[in-house]
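Below is the structure I would like to discuss, written out as C-alpha cells.
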Amino acid sequence: MMSLFSRASYSSVIATIKAHRLLGAGIVVVCVIASYWFYGTYLSASATTTYVLGTVEKGTIVASVSASGQVSASNQLDIKPRVSGELLSVLVVAGQKVSAGQLIAVIDPSSAQKTVRDAEVNVQSAQLSLDKIQQPADALSLIQAQDALAQASTTLAKAYDDGFNDVSNAFLSLPGDMDGLKNILYGYDATPSKSQSNISAYADMVDSSDPAVIAFKQDAATKYQSALDAYNAAFLAYRALSRASDVAAIEHSISQTYDTIKRIADATKSANDFLGLVKGKLTDKNQPIPTTLTTHMSALGTYISDTGSHLDELLNIKNTITSSEYSIAERTQSLSDLHAGATPLDIQSAKLTLQQRQNALADAQSALADYYVRAPFSGIIASVNAKKYDTAGSGSVIATLITDQQMAELSLNEVDAAKVTVGNKATVTFDAIDTLTMTGKVAEINTIGTVSQGVVSYAVRIGFDAQDARIKPGMTANAAIQTEVHQDVLMVPSSAVKTKNDANYVLVFDPALSAAEVAKAGSTGIASSVAPKQVPVQTGIADDTNIEIVSGLSEGQQIIIRSTSASAKTTTTSSTSSTRNALGGGPGIRL
C-alpha cells in the first residue's frame, strides 16, 4: 500500500510539474507575441527618418587620380610625341640648348588641321543660328506668314462653298435613286400578275424557303429601311440649309449627307446582291431570266455608280475642310510665334548647341597642338633619336633632354594610368616637408608597364613648375593628377547620389518643401511623413566631395543629401530576449 501510495504521489507530482511547464510555455508564447506586437505598433511607429536637404548647384569639378613615389635623382627626360604620324621636321641637334616650350619636331598635322577647320565652321553656323533666333521677325517674314494664313482661310471658305454645292447636287439625284430602289424592291412589275411585291416575287421564283434566299432578302429589306430613314432626316436638314447658313451647319450637312449616301450605297449593293443570287439560281436550274430582273439589275448598277461619285466628292470636301482647319491653326501659331520672337527654351537650346561646338573646336585645337612636339622644360639636348620622314608614335623617343628641372617619379596602377596624359596638371606634397605643396605637370608616362606580384604599374614623371632648395632627391612625393576639369556644370554632393540595379538616382520631395520648412530643418535635417521620390539621373565625373549631374535635375532644385533613421529596434530586441530568459530560458526539470 505504501509503495502504491508513493508511486501515486510521485505521479501526481510529476503531472503537476508538467502542467506548470505547459503553463510556463504558454506564458512565454503570450509574452513573445505581446513583445512583437509592442514593437510593431508602438516602437516601429516611433521610428523616424530625418532628411538633410540641399540644392543642385553649378560649379567646377576636377577629377583626379593619386600617385606616390620619390623625387627623381635623374635629370634626364625622354621627349615623346602624344600622336603618331610622319615627321615633317626635326628642329634640334645634340648639344643644343633649348627653352621650355621650344619646338622640337613637327608631325604631319594635315588631318588635325581639317578637323579644326570643320569645327570652326560649325561654331560659326551655331553662332549664326543663335543670332538669327534672337533677332525680331523681319517685315518680309511677317508678310509671308500673314499671306499664308489668308490663303488657308480662303481655301477653307471655298471648301464650305463647294461642300454646299456637292450636297445640293447629291439631293438632285438621290430622290430618283431612292424611288428607283423602292420600285425595284417593293414595286409590282416583277411578275405578269402583279400580285406580289418584287422582293417576294423574286424570292418565290427560286425557293423562298432557301436559307440563302431568306438571308439575302432580309438584308436587302433591312438596309433599304435604314437608308430610307437616313435619307428622310438628311433631306429635311438640307431643306433648312442655305448658302448663307453658318459654317457649322454646312459642315454638319456635309457629314450627314455623306453618311446617308453611304447607307444608300449599301442598300443598293445589298439589293443587287439579292437579285444576283436569284439570277444565279435561275441559271443553275436552266430557267429563263425575266426581262424585268435584267432591267432592275441594270438600274441598280446606275445607282451604285451615282452614289459612288457623290461619296468621292463629299469625302474630298471633308478632307479639304479638315486639312484647311489644321493649316489655319498651324499658320496662326506660326504668325504668333513670329510676333513673340524666340522662346527662352529655343534660345537656351541654341546657346547649348553653340557651347558644344565651341568645346569641340577647343578639343580639335588641343589635338592639333599635339602634332607640334615641344620641350617640356629648358635644358640641353643630349641626343636626337629621329630624323625627317621617320614615323613617330607615342612610344618612340624623338630626343633626350637633360634639364635642371626638379621632377618626381611616381607609380600608377593600370586603371589610373589609362586616364593620365602628358601635360596633365598636378599638385605634389612631400612627407618630409609638411608645409610645401608644389604644382607641376606630367612630363612623361612610361608606355611599358612593370608587373609585380601580378599587379601592373606604370612610371610617371611630373616636372615641378618652380624650384625649391628644400626638395631633395629620394624624398617621398604624393601627387594628385588632374585628369578632367568640367566647368560651370550641375553638381551635387556625392552622398546625394544612390545606385540601384546599376542605375543612379537622387531622392527629392515632390512637391518640394517650402522655404519655411527648409529654414526650420537647418543642417540637422527634417522629418517628413511623406516618402521622397526617386529621380533617375545621369552622372559625369566626380571629385572628393561632389559629382557631376549630366541630366535629370535642374539648377536650384531641392534634393536630399542624406537621411538618417532612428528607432528603438535594438532596445526592443534586448527586452524580448530578457523576458524570454526570465520566464523560461533557463534549465528545467527533465522528465
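One residue is enough: does segment 540-548 have a residue meeting the conditions at pLDDT below 85 and surrounded by fewer than 16 Cβ atoms within 10 Å (Cβ to Cβ)?
The answer is yes; a qualifying residue exists.
Cβ-Cβ under 7 Å, sequence separation 6+ or interchain: first residue in segment 449-471 and in the same structural domain as residue 401 (by TED's automatic domain parsing), partner β-branched (Val, Ile, Thr) and not in a strand (DSSP E or B). Which pairs?
Pairs that qualify, where the first residue is in the same structural domain as residue 401 (by TED's automatic domain parsing) and the partner is β-branched (Val, Ile, Thr) and not in a strand (DSSP E or B), are 460/420.
Please determine whether any residue of segment 271-281 is closer than 20 Å to residue 179 by Cβ, more than 57 Å from the chain's Cα centre (by Cα), modelled with pLDDT of 95 or more and assigned to a helix (DSSP H, G or I).
Yes - at least one qualifying residue is present in segment 271-281.
Which one is nearest to residue 264 (Cα to Cα) among residues in segment 217-242 that are among the basic types (Lys, Arg) and surrounded by 12 or more Cβ atoms within 10 Å (Cβ to Cβ)?
223
Return the only residue of 333, 358, 365, 348 being touching a residue at least 12 places away in the same chain (Cβ under 8 Å) and more than 30 Å from residue 464 (Cα to Cα).
That would be 358, the only listed residue that is touching a residue at least 12 places away in the same chain (Cβ under 8 Å) and more than 30 Å from residue 464 (Cα to Cα).
Continuing with this model, one more query. So if I check each of 122, 169, 165, which one is out of contact with any Cys (no Cβ under 8 Å at 6 or more places or on another chain), part of a helix (DSSP H, G or I) and loosely packed, with under 14 Cβ neighbours inside 10 Å?
Result of the check over 122, 169, 165: 165.
If you don't mind, there's one more thing I want to ask. Quick one: in segment 353-390, of everything that is touching a Ser or Thr at 6+ places or on another chain (Cβ under 6 Å) and part of a strand (DSSP E or B), which residue is modelled with the highest pLDDT?
383
I'd like the full set of residues that are surrounded by fewer than 16 Cβ atoms within 10 Å (Cβ to Cβ) and either in a helix (DSSP H, G or I) or in contact with a helix residue (DSSP H, G or I) (Cβ under 7 Å, 6 or more places away or on another chain) (or both), limited to segment 337-350.
337, 339, 340, 344, 345, 346, 347, 348, 349
Kindly indicate the residue of segment 273-320 that is under 23 Å from residue 227 (Cβ atoms) and among the acidic types (Asp, Glu) and also surrounded by the fewest Cβ atoms within 10 Å (Cβ to Cβ) among those meeting that condition.
312
Only one of these is over 29 Å from residue 115 (Cβ atoms), modelled with pLDDT of 85 or more, out of contact with any His (no Cβ under 9 Å at 6 or more places or on another chain) and not assigned by TED's automatic domain parsing to the domain that holds residue 474: 414, 325. Name it.
Checking each option against the conditions leaves just 325.
Say whether the condition of being of a type in the set (Gly, Ala, Ser) and closer than 17 Å to residue 559 by Cβ is met by at least one residue in segment 485-495.
Yes, some residue in segment 485-495 is of a type in the set (Gly, Ala, Ser) and closer than 17 Å to residue 559 by Cβ.
Identify, please: which residue in segment 84-113 is within 48 Å of the chain's Cα centre (by Cα) and hydroxyl-bearing (Ser, Thr, Tyr) and is, among those, surrounded by the most Cβ atoms within 10 Å (Cβ to Cβ)?
So, considering only residues that are within 48 Å of the chain's Cα centre (by Cα) and hydroxyl-bearing (Ser, Thr, Tyr), the one surrounded by the most Cβ atoms within 10 Å (Cβ to Cβ) is 84.
Also, I was wondering about something else. Working carefully through the options 477, 496, find the one that is out of contact with any helix residue (DSSP H, G or I) (no Cβ under 9 Å at 6 or more places or on another chain), modelled with pLDDT of 85 or more and closer than 22 Å to residue 78 by Cα.
Residue meeting the stated conditions: 477.
Scan segment 99-109 and tell me whether some residue there is part of a strand (DSSP E or B) and not β-branched (Val, Ile, Thr).
Yes, segment 99-109 has at least one match.
On to the next question. Is at least one residue of segment 246-260 closer than 22 Å to residue 318 by Cβ and assigned to a loop (DSSP other than H, G, I, E, B)?
Scanning segment 246-260, I find at least one residue that is closer than 22 Å to residue 318 by Cβ and assigned to a loop (DSSP other than H, G, I, E, B), so the answer is yes.
Another question, if that's okay. Can you find a residue that is in contact with a Leu (Cβ under 6 Å, 6 or more places away or on another chain), assigned by TED's automatic domain parsing to the domain that holds residue 200 and touching a residue at least 40 places away in the same chain (Cβ under 8 Å) anywhere in segment 238-248?
No, because not a single residue in segment 238-248 is in contact with a Leu (Cβ under 6 Å, 6 or more places away or on another chain), assigned by TED's automatic domain parsing to the domain that holds residue 200 and touching a residue at least 40 places away in the same chain (Cβ under 8 Å).
Quick check, is residue 268 under 19 Å from residue 173 (Cβ atoms) and part of a helix (DSSP H, G or I)?
yes
Residues are listed down the side, and each one gets a yes or a no for (1) touching a Ser or Thr at 6+ places or on another chain (Cβ under 8 Å); (2) touching a residue at least 60 places away in the same chain (Cβ under 8 Å); (3) aromatic (Phe, Trp, Tyr); (4) assigned to a helix (DSSP H, G or I):
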{"position": "184", "(1), (2), (3), (4)": "no, yes, no, yes"}
{"position": "194", "(1), (2), (3), (4)": "no, no, no, no"}
{"position": "200", "(1), (2), (3), (4)": "yes, no, no, yes"}
{"position": "213", "(1), (2), (3), (4)": "no, yes, no, yes"}
{"position": "221", "(1), (2), (3), (4)": "no, no, no, yes"}
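Looking at segment 202-211, which of its residues are part of a helix (DSSP H, G or I) and either crowded, with 17+ Cβ neighbours inside 10 Å or among the polar types (S, T, N, Q) (or both)?
Correct list: 202, 203, 205, 206.
Pick from 189, 177: which is in the same structural domain as residue 262 (by TED's automatic domain parsing) and part of a helix (DSSP H, G or I)?
177
Restricting the search to segment 520-560, which residues are without any contact (Cβ under 8 Å) to a residue 60 or more places away in the chain, part of a loop (DSSP other than H, G, I, E, B) and among the hydroxyl-bearing types (Ser, Thr, Tyr)?
Matches in segment 520-560: 529, 545.
I need the full set of residues from segment 149-167 which are under 17 Å from residue 235 (Cα atoms) and touching a residue at least 24 places away in the same chain (Cβ under 8 Å), in order please.
163, 164, 166, 167 - these are the residues of segment 149-167 that are under 17 Å from residue 235 (Cα atoms) and touching a residue at least 24 places away in the same chain (Cβ under 8 Å).
Additional query: Can you say whether residue 140 is farther than 30 Å from residue 241 by Cβ, assigned to a helix (DSSP H, G or I) and under 39 Å from the mean Cα position of the chain (by Cα), as far as the supplied structure shows?
Spelling it out, residue 140 is indeed farther than 30 Å from residue 241 by Cβ, assigned to a helix (DSSP H, G or I) and under 39 Å from the mean Cα position of the chain (by Cα).
The values are calculated or read from the model by the stated rules, or taken from the named source; none is laboratory data. What you are looking at is a predicted structure, and each value in this text was computed from that prediction instead of being measured. As a convention, Cβ positions derive from the backbone with ideal geometry for all residues, glycine included, and neighbour counts pool all protein chains shown.
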